[in-house]
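K.L.:
I'd like to ask you about the structure that follows.
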Amino acid sequence: KNQSSKYDLDHALVLTKTYNFEKGTLYLYAKLKLYNEIVQHHMDNEEYSQVIRACKKYGDHDPQLWNQALNYFSSQEKVKEHEIMQILNNIDKYNLLPPLMVLQVLSKNKYMPLGVIRDYMIRTLQQEQSTITADAREINRLRHETKEMKNEVHNLKTKATIFQGI
């Protein structure tokens with residue numbers, strides 16, 4: 001970690017992996033910005049809380065880490081409800097996957113209770129409903145404007161109009 005030391009990062013990474021020096025490997029992954037490797041390392045060691053912690057720490061740099069975590073947790077036999085809820089909140093926050101795709105990923109696990117995704121789906125459906133409502137208002141406004149313009153064009157074609165210059 002000494003900033004003044006000079007070494008080849010790739011060579012150091014090979015050495016830390018060869019000698020199973022986990023702290024060094026994780027440090028070099030972070031230094032090389034291999035965030036998905038950090039998450040994968042924790043997944044391989046079944047360190048569930050560390051997976052979430054790494055996603056929180058590096059998720060701003062690489063939001064796809066949340067997708068990686070979702071796939072991992074949805075493939076586990078024992079459902080980690082708290083972790084999945086955190087992942088779903090961040091997938092929603094970063095708008096990483098469409099809701100249907102999230103459901104497809106989670107449906108792979110036959111032990112997944114509906115309660116785990118209920119809040120996510122309710123929140124997503126409410127957002128979609130508000131978008132639909134806003135779009136419907138905009139459509140009605142544009143229809144009204146179009147009707148007024150058509151009436152104005154019709155009046156210009158059929159009625160005499162006096163144009164005066166200033």
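K.L.:
Where does each of 90-98, 38-46 land if you order them by average Cβ count within 10 Å, highest first?
P.N.:
Numbers: 90-98: 15.7, 38-46: 17.4.
Peptide ranking by packing, descending: 38-46, 90-98.
K.L.:
Short version: ³J(HN,Hα) in whole Hz for each residue of region 110-121, in order, from phi by Karplus 6.51 cos²θ - 1.76 cosθ + 1.60 (θ = phi - 60°), x for Gly and Pro, what are they?
P.N.:
So the J values, rounded to whole Hz, are 6, 9, 6, x, 5, x, 5, 9, 4, 4, 4, 5.
K.L.:
Using +1 on the beta carbon of Lys and Arg, -1 on that of Asp and Glu, and nothing else charged, what's the dipole of the chain about the Cα centre, debye to 20?
P.N.:
440 debye
K.L.:
Over the chain, average the accessible area per residue using a 1.4 Å probe and give it in Å², no decimals.
P.N.:
Heavy-atom SASA per residue in the chain reads 73 Å².
K.L.:
Can you give the Rg to Rh ratio for the chain, taking only C-alpha atoms and Rh from Kirkwood?
P.N.:
That ratio is 1.34, to two decimals.
K.L.:
At a 1.4 Å probe, what is the % contribution of carbon and sulfur to the accessible area of region 1-142?
P.N.:
Answer for region 1-142 is 53 percent, counting heavy atoms of protein chains only.
K.L.:
Along the charge dipole of region 20-166, which of Met149, Val79, Tyr94 sits closest to the positive end, that is, farthest toward it, with unit charges on the beta carbon of Lys, Arg, Asp and Glu (+1, +1, -1, -1)?
P.N.:
The one lying farthest along the dipole's positive direction is Met149.
K.L.:
Could you please put Phe163, Phe21 in sequence from largest to smallest accessible area, using a 1.4 Å probe?
P.N.:
Phe163, Phe21
K.L.:
What angle do you read, to the nearest 10 degrees and between 0 and 90, between the alpha-carbon axis of helix 64-74 and the longest principal axis of the chain?
P.N.:
Computed tilt is about 70 degrees.
K.L.:
Each residue of region 81-90 in turn: what ³J(HN,Hα) in whole Hz from Karplus with 6.51, -1.76, 1.60 and θ = phi - 60°, glycine and Pro shown as x?
P.N.:
4, 4, 5, 5, 4, 5, 5, 4, 4, 6
K.L.:
Excluding residues fewer than 8 places away in the same chain, name every one of the aspartates and glutamates whose C-alpha is closer than 20 Å to that of Lys150.
P.N.:
Within reach: Glu138.
K.L.:
Which whole-angstrom value gives the distance between the alpha carbon centres of region 121-166 and region 6-41?
P.N.:
59 Å
K.L.:
Still on this structure, please answer the following. How tilted is helix 9-18 with respect to the longest principal axis of the chain? Cα atoms for both, answer in degrees (0 to 90, nearest 10).
P.N.:
The angle comes out near 50 degrees.
K.L.:
Go through Lys1/Lys57; Lys56/Lys108; Lys78/Lys108; Lys31/Lys93 and tell me which ones have a Cα-Cα distance over 21 Å in this structure.
P.N.:
Distance filter (> 21 Å) returns Lys56/Lys108; Lys31/Lys93.
K.L.:
So how strong a dipole does region 36-79 carry about its Cα centre when Lys and Arg Cβ are +1 and Asp and Glu Cβ are -1, to the nearest 20 debye?
P.N.:
The calculated dipole for region 36-79 is roughly 180 debye.
The values are calculated or read from the model by the stated rules, or taken from the named source; none is laboratory data. On a predicted model such as this, the values are computed, not experimentally measured, just so you know. Neighbour counts run over all protein chains shown; Cβ positions are idealised from the backbone, glycine included. Only protein heavy atoms, including side chains, enter the accessible area calculation; ligands, DNA and RNA are left aside. Shrake-Rupley method; radii C 1.70, N 1.55, O 1.52, S 1.80 Å.
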